[in-house]
Amino acid sequence: MAHITFSPPYTPACHVVQQLRERGYAVLRPSDTASWAGCTLAQLQALAADWAGLPPDEHLKDGGRYRNRRHASFVLADGSIAPVPHRAHYQPVEYNALHGGMRRWFAPMLDATLAQPGWQALVKAAADTARAALDPAAARWFVEAHQFRIDTEGGIGRPTPEGAHRDGVDLVAVFLIAREGVKGGETRIFEATGPSGQRFTLDEPWSVMLLDDARMIHETTPIQPESGHGWRDTLVLTCRRGGFLGDDDATA
């Protein structure tokens, strides 16, 4: 049976804030991702080599060995990006039924990655978009970054083993970095309180999906190898007001 895919509902970079306000999501093609971030596509592409060396995710409760990842956290205020000391990633059970309620320590992102101009541009663009679209009055934004590689060495890789979910933040940005030798990996988004939804496959490196997390539920279907070993690389940035999830002493 033929494998059917649906093209992403791309929007121009200049309409991102409007699209987020009106529909709760926006999807950008690679050239518009660079324009949105205020950098060149070459600066973004320079980041991609880091995904080849991601260490294994040791916290998968389904027993899988299909996910590698790194993690970092930042605070943005007054237009400046401040990395915070390496910390655990936490989600309540209400947002992640599979891995919620536990503090997961992942390998930190590499200093060389964090110093690259393309990286700085992405983090700032995500926080600036969250502020413009969701809360212009918010003075500080708490950003978490996750580098993922989902591979098919064991047969099937699951980008979202927790299923359809929200992340408990304000803005979610999912960047496709690479797809190699896989089928599947369809993105599905749904209104949290309504009937509307979209399904599409991100297949262009450095395309991005931006979501208003309060309004949209999202998931990505499993990937399978087309022949031999394949993988799907993504970068996920989340922006939240008031502090990181699980850090009750952080203030807005």
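Within the range 125-144, residues that are in contact (Cβ under 8 Å) with a residue 24 or more places away in the chain have Cβ atoms under 6 Å from residues that are among the aromatic types (Phe, Trp, Tyr) and open to solvent by less than 20 Å² (accessible area, probe 1.4 Å) in these pairs: 127/141; 130/141; 142/244; 143/74, counting only partners at least 6 apart in sequence or on another chain.
Given the criterion of a type in the set (D, E, K, R), touching a Pro at 6+ places or on another chain (Cβ under 9 Å) and at pLDDT 95 or above, identify the matching residue among 203, 170. It would help to see each step written out before you state the result.
On the way: 170 fails: touching a Pro at 6+ places or on another chain (Cβ under 9 Å).
Answer to the check: 203.
Selection of the range 18-53 for residues being open to solvent by less than 10 Å² (accessible area, probe 1.4 Å) and of a type outside the set (Gly, Ala, Ser) yields 20, 27, 28, 33, 44, 47, 51.
Considering the range 136-163, the residues that are farther than 22 Å from residue 241 by Cβ and open to solvent by less than 10 Å² (accessible area, probe 1.4 Å) include one that is nearest to the chain's Cα centre (by Cα), namely 147. Assess whether residue 194 counts as being within 25 Å of residue 91 (Cα to Cα) and without any contact (Cβ under 8 Å) to a residue 12 or more places away in the chain. Against the criterion (within 25 Å of residue 91 (Cα to Cα) and without any contact (Cβ under 8 Å) to a residue 12 or more places away in the chain), residue 194 qualifies. Of everything in the range 164-184 that is farther than 21 Å from residue 71 by Cβ and small (Gly, Ala, Ser), the residue that is surrounded by the fewest Cβ atoms within 10 Å (Cβ to Cβ) is 164. Residue pairs whose Cβ atoms lie under 6 Å apart, separated by 6 or more positions or on different chains, with the first residue in the range 209-232 and closer than 21 Å to residue 149 by Cβ and modelled with pLDDT under 95 and the second open to solvent by 60 Å² or more (accessible area, probe 1.4 Å) and of a type in the set (Phe, Trp, Tyr), do not occur.
Identify, please: which residue in the range 164-189 is among the acidic types (Asp, Glu) and closer than 15 Å to residue 238 by Cβ and is, among those, nearest to the chain's Cα centre (by Cα)? Step through it out loud before you land on a result.
Here is the first cut: in the range 164-189, the residues among the acidic types (Asp, Glu) are 167, 170, 180, 186.
Then drop every residue that is not closer than 15 Å to residue 238 by Cβ, which leaves 167, 170.
Numbers: 167: 10, 170: 12 Å.
Ranking the candidates gives 167 first.
For the range 54-63, check the following and say yes or no: at least one residue is in contact (Cβ under 8 Å) with a residue 60 or more places away in the chain, over 26 Å from residue 127 (Cβ atoms) and surrounded by 15 or more Cβ atoms within 10 Å (Cβ to Cβ). There is at least one residue in the range 54-63 that is in contact (Cβ under 8 Å) with a residue 60 or more places away in the chain, over 26 Å from residue 127 (Cβ atoms) and surrounded by 15 or more Cβ atoms within 10 Å (Cβ to Cβ).
The values are calculated or read from the model by the stated rules, or taken from the named source; none is laboratory data. Remember, predicted model here, so these are calculated numbers, not experimental data. With ideal geometry, Cβ positions are generated from the backbone for all residues, glycine too; neighbour counts draw on all protein chains shown. Side chains are part of the model used for accessible areas, which takes the heavy atoms of the whole protein and leaves out ligands, DNA and RNA. Shrake-Rupley method; radii C 1.70, N 1.55, O 1.52, S 1.80 Å.
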